[in-house]
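Notes follow once the structure below has been shown.
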Amino acid sequence: MKKRQNLEKTVDRIIESYDRHGGINHIRGPNLPSREEIVETLESLITIIFPGFFTREVIDRDNVRFWVGAECSRIYPRIEDQINKSLRYFCLQWGDCRPDTDACLIEDLEACLVRARKIARALLRELPALRRVLFQDVQAHFTGDPAAKSLDEIILAYPGMLAISVYRIAHFLWRRQVPLLPRIMSEYAHTRTGIDIHPGARIGNHFMIDHGTGVVIGETTVIGDHVRIYQGVTLGALAVPEDAGEYRDVKRHPTIRDRVTIYSGATILGGKTVIGKGAVIGGNVWITRSVAPGAKVFGEPPALAIRT
Amino acid sequence: MKKRQNLEKTVDRIIESYDRHGGINHIRGPNLPSREEIVETLESLITIIFPGFFTREVIDRDNVRFWVGAECSRIYPRIEDQINKSLRYFCLQWGDCRPDTDACLIEDLEACLVRARKIARALLRELPALRRVLFQDVQAHFTGDPAAKSLDEIILAYPGMLAISVYRIAHFLWRRQVPLLPRIMSEYAHTRTGIDIHPGARIGNHFMIDHGTGVVIGETTVIGDHVRIYQGVTLGALAVPEDAGEYRDVKRHPTIRDRVTIYSGATILGGKTVIGKGAVIGGNVWITRSVAPGAKVFGEPPALAIRT
Amino acid sequence: MKKRQNLEKTVDRIIESYDRHGGINHIRGPNLPSREEIVETLESLITIIFPGFFTREVIDRDNVRFWVGAECSRIYPRIEDQINKSLRYFCLQWGDCRPDTDACLIEDLEACLVRARKIARALLRELPALRRVLFQDVQAHFTGDPAAKSLDEIILAYPGMLAISVYRIAHFLWRRQVPLLPRIMSEYAHTRTGIDIHPGARIGNHFMIDHGTGVVIGETTVIGDHVRIYQGVTLGALAVPEDAGEYRDVKRHPTIRDRVTIYSGATILGGKTVIGKGAVIGGNVWITRSVAPGAKVFGEPPALAIRT
């Protein structure tokens, strides 16, 4: 009896705290997209992109059409639903629509759904193009890593390939101004691989990330074709002011031109920093200014204190 | 026939090896807490702390009381059980109780259960206070990151928030001397985020960790309010002696005062190292001595060898 | 109606793209091993190695024989199946067998199965020996980390122990020339811990990795006994040529002798680099040449620019 009363009181206090700190709950707000749903859909998309690699069942010439058809039918409404929720969330919270005017609200929710349907369809239609560019990324990993035994090994076991696959899907949605969804996707890749690519970054073809743990590629980074990056590389912003607000929507992250290689642990900062075509940035180097095309930048071997 | 005999022999040898290397099995020992159970309970706690963010079902004004009540009823006995197992483990293995005296054993097991119940109840009662301080952490991430679009995005997609949420729950249990459990929780966060915060660390309010992969915050670290930390920062111990035993229970990790910012890859070591209020520690800087309040410490840009 | 036609067209285009970019699909190819199956089997192996640590059910003197027997019976055919798929994959894609000669093909597939059975059996038989060496690794973590409270905590919550356990299993298969499988295993550990140990590396006993996020140990690394490594350490290759192909099968990664300690963030590169017995490598140090036995190598504290 007493135990039950205790629990009741605890529950009451939690509910009260929901009322007080509105900022971290969505009880009155719009229905948020679901991380679990998004992750499941993302995994299905990757399964379709690399058929036969991540399924337990055998996919062959005879059943492939049924399998792709079934997968696409299954995930299409789920993608649409998650995009719709993301758009509605933004519309109700930040949009021009006023929830007090019923008419406006309904109109905008309609508009959200129409847009969600369009984007979901476009994403599925984009899959062949995504396959083409991801195949180039697989080839770049094979050319770039002496430890790679086959293209298949790269698809099955390279974290860089997973992170880049997720990035290319998330970036597609980012370009179409879908809120929340692309960032939830990129965080999934970050969790799985330790590679943190903001979906807003713009990245060319034949991209390779080896090992990858600790890589950070910021929102306004621009990367050309045939670029190679190793673990622990940061493409980041210079010092952030006390209040980051004044700094939003500015190009804060560097530009990396074609055929640049950046070795492990290097840090390249600043929105005006440009690494010229074909440059090589050595491991652990710290760079806040532009580097000429073709330059090779290494830290002077630091004086070592050796006691024997 | 032969195949079965082979398997029998293999099993026998494994069992024998259990007898020989007792240190890595718990067949005769007390019943350990279950990592899976702990992770599931932890995820439920975070779901209650951020209602509507991590559930597939819609939570609204009408059902919220039922939902919270049901969740709390469901996880309370599981938390109690895991705390009880952790306490009993310690009691039987390391405590003063002598398992050869039945009376003592029973008494202590009783005492464990009573204490487990108390702590489990206290944890649920702490949830509103945890929500308050975590809301401040969410705000700190928004103020600190120009790429953040909304508070919701931070809850849904920032690894720093997950790591800090888990840390605050684990630290609550750590302060009440629950063994094993807090470390299993912090390792869950480490796995998910690459952020390794020891539950013994003491951390103030408005804490921000951006990107976070590779962050290590040691057991005896003390961190003030409004501190900002970036990926790859280590708050660690100076050289560890050959046998770490003599070094246990000593303050080995630094003290970071209010409003300090520590940029990516910086390493701050030693139990006597104090970073003064408002100081800024630059990226990749290596510090083993105290820094005055308000100081800005940057590595002299290292000489770069540039070949063009 | 229109909607259905749209989907049909999308599916057709995806199928077409499967035909065009054969390199990233396995529709006509051999049946690849399944990552999910491999991960589940790996987790079972670790459960048998550390009985009572990762199961929800209680394992005691009375049921342990049944439990181990049941587990071994359950996973044996699954391991065999995955090894067989890996061998067949290699045999069909890269082997000497010519798929156009039916006889040859069948013979080789037979040979694959026989070899798979042999290796699967050997792996189960190796478990007692693996337990012995992993017990030494657990002890090394306890001796090496002042924050460790017990051996049990290390098994339950140290990412280094998980990464090393997976490495020792994967290396066993690597030595027997099983393709793909060992790398899928090591990537599982990488995902869970941020520690990337290539299964080809050779590592002695009493090995400790603390915290571990960002550690990279390359394919041709050789590590002695009683070595300690901290987060962010890279044992890697010097610059990789434009086309990595010419660089395969060469010793590209360093040799670390007995009782060496390598602190966080240090980078040691090159196949001819040898770190002598008992040497200590300081944090963040960058090394591309051999170090004498017993030497202590620290970066000269870099000049710091301090503004107050």
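The values are calculated or read from the model by the stated rules, or taken from the named source; none is laboratory data. Since the model is a prediction, treat every value here as computed from it, not as a measurement. Glycine gets a Cβ as well: all are built from the backbone with ideal geometry, and neighbour counts include every protein chain shown. Quick note on the areas: whole protein, heavy atoms, side chains included, nothing else; ligands and nucleic acids left out. Shrake-Rupley method; radii C 1.70, N 1.55, O 1.52, S 1.80 Å.
Pull up the range A:223-245, narrow it to residues that are hydrophobic (A, V, I, L, M, F, W, C) and facing chain B (nearest Cβ under 8 Å), then point me to the one that is nearest to residue A:261 (Cα to Cα).
Of the residues in the range A:223-245, the ones hydrophobic (A, V, I, L, M, F, W, C) are A:223, A:227, A:229, A:233, A:235, A:237-240, A:244.
From what's left, facing chain B (nearest Cβ under 8 Å): A:237, A:239-240, A:244.
Details: A:237: 20, A:239: 25, A:240: 27, A:244: 31 Å.
This residue is A:237.
Any chance you could count how many residues in the range A:47-88 are under 19 Å from the mean Cα position of the chain (by Cα) and within 9 Å of chain C (Cβ to nearest Cβ)?
Adding up the residues that qualify gives 3.
Here are some residues: A:133, A:114, A:138. Which one is farther than 21 Å from residue A:198 by Cβ, at pLDDT 95 or above and either open to solvent by 10 Å² or more (accessible area, probe 1.4 Å) or β-branched (Val, Ile, Thr) (or both)?
Just a single option satisfies the conditions, and that option is A:138.
Checking residue A:170 against (1) assigned to a helix (DSSP H, G or I); (2) of a type in the set (Gly, Ala, Ser); (3) farther than 30 Å from residue A:91 by Cβ, which single condition isn't satisfied?
(3)
Among the numbered conditions (1) within 14 Å of chain A (Cβ to nearest Cβ); (2) surrounded by 22 or more Cβ atoms within 10 Å (Cβ to Cβ), tell me where residue B:282 comes up short.
So the condition that residue B:282 fails would be (2).
How many of the residues in the range A:264-279 are within 14 Å of chain C (Cβ to nearest Cβ) and under 20 Å from residue B:263 (Cβ atoms)?
Total satisfying the criteria: 4.
Given the criterion touching a residue at least 12 places away in the same chain (Cβ under 8 Å) and either in contact with a Gly (Cβ under 6 Å, 6 or more places away or on another chain) or not hydrophobic (A, V, I, L, M, F, W, C) (or both), identify the matching residue among B:307, B:289, B:248. Reasoning before the result, please.
Values: B:307 fails: touching a residue at least 12 places away in the same chain (Cβ under 8 Å); B:248 fails: touching a residue at least 12 places away in the same chain (Cβ under 8 Å).
After ruling out the rest, the residue left standing is B:289.
Name the single residue, out of those in the range C:144-188 being within 24 Å of residue C:262 (Cα to Cα) and among the basic types (Lys, Arg), that is least open to solvent (accessible area, probe 1.4 Å).
Here the residue is C:168.
Can you tell me which condition residue A:198 does not meet? The list is (1) open to solvent by less than 30 Å² (accessible area, probe 1.4 Å); (2) within 25 Å of residue B:143 (Cα to Cα); (3) more than 8 Å from chain B (Cβ to nearest Cβ), and all the others hold.
(3)
When the residues of the range B:211-222 are narrowed to those that are open to solvent by less than 10 Å² (accessible area, probe 1.4 Å) and not polar (S, T, N, Q), which ends up nearest to the other protein chains (Cβ to nearest Cβ)?
Only one residue fits best here, namely B:216.
Being more than 23 Å from residue C:293 (Cα to Cα) and open to solvent by 40 Å² or more (accessible area, probe 1.4 Å) is the filter here; which residues of the range C:223-245 pass it?
Passing the criteria: C:239, C:242, C:243.
Just the residues that are within 7 Å of another protein chain (Cβ to nearest Cβ) and in contact (Cβ under 8 Å) with a residue 12 or more places away in the chain, please, taken from the range C:153-163.
Of everything in the range C:153-163, those that are within 7 Å of another protein chain (Cβ to nearest Cβ) and in contact (Cβ under 8 Å) with a residue 12 or more places away in the chain turn out to be C:155, C:156, C:159.
Can you name the residue in the range A:246-256 that is open to solvent by 30 Å² or more (accessible area, probe 1.4 Å) and in contact with a Ser or Thr (Cβ under 8 Å, 6 or more places away or on another chain) and, of all such residues, is farthest from the other protein chains (Cβ to nearest Cβ)?
Per the stated criteria, the residue is A:251.
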